[in-house]
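Just so it is clear, none of the values below were taken in a lab; they were calculated from the coordinates. Predicted model only: the values in this text are computed from it and were never measured. FYI the Cβ positions are ideal-geometry reconstructions off the backbone, even for glycines, and counts take in every protein chain you see.
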Amino acid sequence: MTLHLVMVGPPGAGKGTQAKQLAKAYQLAHLSTGDMFRDQVARHTELGKLVDPIMKSGGLVPDDLTVAIVRDRLQQPDCTSGVVFDGFPRTVAQAQALDALLHEMGASIALVPCITVNDEAVVERISGRYTDRNTGQIYHLKFNPPPAGADLFQRPDDQEAAVRQRLQEYYRKTEPLIAYYQQRGVLQQFDGMQSIDDVFSAIDQAIRQL
Ligand code: AP5
Ligand code: MG
């Protein structure tokens, strides 16, 4: 059986943290459009040059570019056994495009875990977040401290002004996805104010009950 999950939640909710653990536990491909765009920026590709200023300001990359990279990524062999989508879709148009792509593959979305956190937690989590340059592992100085000697970086869009813009974009363009997936009966809310392990256990339990 293939499993397709869509992580929804504001910036800093823990989508990436949970998606990595779910991918490992269920042998799923982890498809993070944010990671894919950051990789394009780091490699100075044409797409990278285009999306760099958009990401730095906290805006959303246009739907057509985003859907195109997802369509390509879904052709990779590791996606055949299932995918955890992280940060995609982010607009209703992207959600409709994903439905069509999955339909072509004979697949559908089994569960949309929506991680809820308050705005104060978003700011605290994002300001303490560091990522390992070599492994992509996500850490937090207080909540999930990195090991000594790790080669860490902070994201350029984690500055206060960009975070505020990302939150606005989330409420305006991404939150409507909650109703979209609720209507399809696949959305479940998870309290993201719990510990990382407790959030994982709750999502894990919901998957087992599918
Ligand atoms: P993206 O990379 O997707 O960023 P985001 O949605 O803003 O989300 P984050 O990655 O900041 O947060 P997260 O929920 O993954 O939290 P994390 O697990 O790291 O997108 C970046 C940009 O790319 C966008 O702004 C846009 O420009 C562009 N883009 C990407 N996808 C796009 C799309 N589909 N369409 C258009 N544009 C797109 O956790 C955060 C911190 O909290 C970490 O330090 C972690 O250790 C800690 N933490 C996690 N869980 C807990 C917990 N339960 N308790 C305490 N601490 C916790
Ligand atoms: Mg993330």
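Given a cut-off of under 8 Å on Cα pairs at least six residues apart, what relative contact order in percent is computed for the stretch 37-158? Kindly include the intermediate steps, with their values, before the conclusion.
Details: 78 pairs, mean separation 20.0, N = 122.
So the answer I get is 16 percent.
Could you compute the net charge surrounding VAL117? Neighbours are other residues with a C-beta less than 12 Å from the C-beta of VAL117; K and R count +1, D and E count -1. It would help to have the intermediate numbers written out before the result.
On the way: positive: LYS15, ARG125; negative: ASP119, GLU120, GLU124, ASP191.
So the environment of VAL117 carries a net charge of -2.
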Cβ crowding within 10 Å averaged over residues, with 176-182, 65-71, 204-210 ranked highest first: 65-71, 176-182, 204-210
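Have a look at the DSSP beta bridges in the stretch 1-149 and tell me what percent are antiparallel, nearest 5. Walk me through the intermediate numbers first.
Numbers: 4 of 15 bridges.
Here the share of antiparallel DSSP bridges comes out near 25 percent.
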Amide H contacts of ALA29 (H built 1.01 Å from N, under 5 Å, at least 5 apart or other chain): GLY82, VAL83, VAL84
Charge tally in the Cβ shell below 12 Å around ALA202, where Lys, Arg are +1 and Asp, Glu are -1, ALA202 excluded: -3
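Determine the relative contact order of the chain: mean sequence separation of Cα pairs under 8 Å and six or more apart, normalised by residue count, in whole percent.
Across the chain, relative contact order equals 32 percent.
Treat every Asp and Glu Cβ in the stretch 54-175 as -1 and every Lys and Arg Cβ as +1, leave all other atoms uncharged, and give the resulting dipole magnitude about the Cα centre to the nearest 20 debye.
On the way: 13 positive and 17 negative charges, 42 e Å.
The calculation lands at about 200 debye.
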Which listed pairs, of LYS15/LYS173; LYS24/LYS49; LYS49/LYS173, have C-alpha distances above 22 Å, in listed order: LYS24/LYS49; LYS49/LYS173
Size of the stretch 42-94 as Cα extents on the principal axes (Å, biggest first): 35, 28, 16
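Report the net charge of residues surrounding GLN96, where surrounding means a beta-carbon distance below 15 angstrom and charges are Lys +1, Arg +1, Asp -1, Glu -1.
On the way: positive: ARG71, ARG90, LYS173, ARG184; negative: ASP63, ASP64, ASP99, GLU104.
Net charge around GLN96: 0.
Using r as the Cβ-Cβ distance of MET193 and ASP78, and R0 as 41 Å, what FRET efficiency do you calculate, to the nearest 0.05? Write out the running numbers ahead of the final one.
Numbers: r = 33 Å, r/R0 = 0.79.
Efficiency for this residue pair is about 0.80.
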Stretchable slack from GLN27 to ARG43, in nm (0.36 nm times residue separation minus alpha-carbon distance): 3.0 nm
At q = 0.17 Å⁻¹, base-10 log of I(q)/I(0) for the chain (Debye sum, equal scatterers on each alpha carbon): -1.32
Cross-link reach list, aspartates and glutamates versus LYS142, counting only Cα pairs under 16 Å and skipping chain neighbours closer than eight places: GLU120, GLU124, ASP132, ASP197
